[in-house]
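Comments concern the structure below.
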Amino acid sequence: MRSTIGSVNAAEFVVTASISATLVWHVGVGHWPIVLGLLTGGVLAAPFAAWLVRHLPERAVMAAVGTLIVLISVAQLAQRLL
């Protein structure tokens, strides 16, 4: 299970780098602070998340991920309905 979460974190980094490259391609380098922010966030978040997952109990990590997904979904639904 932990290797799955680590792989997801690595994939998030690749996605962040791809999004940043696409943004530069379409918008240009005029918005480099946005691109740098996305890239920095991905670079910092992936290793921290991997370290955190290694030190937390698996059940707690899965509960936290599930709770986060539910909360984000509820917030998006509420935003669209209101």
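No lab work stands behind these numbers, since they all come straight from the coordinates. As the structure is a computational prediction, the values presented were derived from the model and not from experiment.
Overall, the anisotropy analysis places the chain in the oblate class: the square-rooted eigenvalues a ≥ b ≥ c of its C-alpha gyration tensor yield a/c not less than 1.5, with a/b not exceeding b/c.
What is the range 2-81's relative contact order, in percent, from Cα pairs under 8 angstrom and six or more apart in sequence? Working shown, then result.
Numbers: 35 pairs, mean separation 29.6, N = 80.
Dividing the mean separation by the residue count of the range 2-81 yields 37 percent.
At 0.36 nm per residue, minus the direct Cα-Cα distance, what do PHE48 and SER7 gain on full extension? Give it in nm, one decimal, please. Taking 0.36 nm per residue and subtracting the Cα distance, the gain is 13.4 nm.
Relative to the longest principal axis of the Cα atoms of the chain, helix 2-27 runs at roughly 20 degrees.
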